[in-house]
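Okay, structure first, notes after.
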Amino acid sequence: QVQLVESGGGLVQPGGSLRLSCAASGSIFSPNTMGWYRQAPGKRRELVATLTSYGSTNYADSVKGRFTVSRDNARNTVHLQMNSLKPEDAAVYYCYFRHLNKDYWGQGSQVTVSS
């Protein structure tokens with residue numbers, strides 16, 4: 001089992017920045033993928049950004065150039081730096097961990113973008 005604990009999130013004005021962090025514990029094996037998904041009210045959960053333990057990244061087109069995913073393999077943490085936030089980025093953001101086709105999810109962090 002893998003446990004994911006998120007931190008960060010909150011309220012920010014359009015154009016502002018936020019940083020999300022997630023710490024994984026438990027049965028952490030490589031190779032694996034860590035990252036972030038989000039779900040806005042009435043919408044399906046969608047990919048934001050992921051990063052494999054080999055260093056390969058995958059970003060949603062809507063966040064490319066604004067968001068940066070990073071990880072510390074020694075500490076089993078993953079971060080999401082979100083810049084130039086837009087109202088449409090508002091959602092619950094979920095930390096994600098995948099190993100051997102098994103997915104784990106964090107509890108979710110609310111990100112609100114509003115003036």
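Quick check on segment 57-71. Is at least one of its residues of a type in the set (Phe, Trp, Tyr) and at pLDDT below 95?
Looking through segment 57-71, none of the residues is of a type in the set (Phe, Trp, Tyr) and at pLDDT below 95.
Among the listed residues LEU51, LEU4, which satisfies the condition of being part of a strand (DSSP E or B), open to solvent by less than 50 Å² (accessible area, probe 1.4 Å), touching a residue at least 40 places away in the same chain (Cβ under 8 Å) and in contact with a Gly (Cβ under 6 Å, 6 or more places away or on another chain)?
Checking each option against the conditions leaves just LEU4.
Considering only segment 32-48, state which residues are part of a loop (DSSP other than H, G, I, E, B), open to solvent by 20 Å² or more (accessible area, probe 1.4 Å) and either over 28 Å from SER114 (Cα atoms) or not small (Gly, Ala, Ser) (or both).
PRO41, LYS43, ARG44, ARG45, listed by residue number.
Which residues, counting only those in segment 70-96, are open to solvent by 10 Å² or more (accessible area, probe 1.4 Å) and either assigned to a loop (DSSP other than H, G, I, E, B) or among the hydrophobic types (A, V, I, L, M, F, W, C) (or both)?
Matches in segment 70-96: ASN73, ALA74, ARG75, ASN76, ASN83, SER84, LYS86, ALA90, VAL92.
Does segment 75-96 contain any residue that is more than 19 Å from GLY9 (Cβ to Cβ) and free of Cβ contacts under 8 Å to residues at least 12 places away in the same chain?
no
Filtering segment 97-115 down to residues that are assigned to a strand (DSSP E or B) and touching an Asp or Glu at 6+ places or on another chain (Cβ under 7 Å), which residue is surrounded by the fewest Cβ atoms within 10 Å (Cβ to Cβ)?
Out of the qualifying residues, it is VAL113.
Scan segment 34-79 for residues that are of a type in the set (Asp, Glu) and within 11 Å of the chain's Cα centre (by Cα) and jot them down.
Of everything in segment 34-79, just one residue is of a type in the set (Asp, Glu) and within 11 Å of the chain's Cα centre (by Cα), namely GLU46.
Does ARG19 meet the test of being under 14 Å from GLN110 (Cβ atoms), basic (Lys, Arg) and assigned to a strand (DSSP E or B)?
Spelling it out, it is not the case that ARG19 is under 14 Å from GLN110 (Cβ atoms), basic (Lys, Arg) and assigned to a strand (DSSP E or B).
Determine whether ARG66 is of a type in the set (D, E, K, R), without any contact (Cβ under 8 Å) to a residue 60 or more places away in the chain and open to solvent by less than 60 Å² (accessible area, probe 1.4 Å).
Against the criterion (of a type in the set (D, E, K, R), without any contact (Cβ under 8 Å) to a residue 60 or more places away in the chain and open to solvent by less than 60 Å² (accessible area, probe 1.4 Å)), ARG66 qualifies.
The values are calculated or read from the model by the stated rules, or taken from the named source; none is laboratory data. Worth saying up front: this structure is predicted, and the values here are computed from it rather than measured. Neighbour counts run over all protein chains shown; Cβ positions are idealised from the backbone, glycine included. For accessibility, only protein heavy atoms count, side chains too; no ligands or nucleic acids. Shrake-Rupley method; radii C 1.70, N 1.55, O 1.52, S 1.80 Å.
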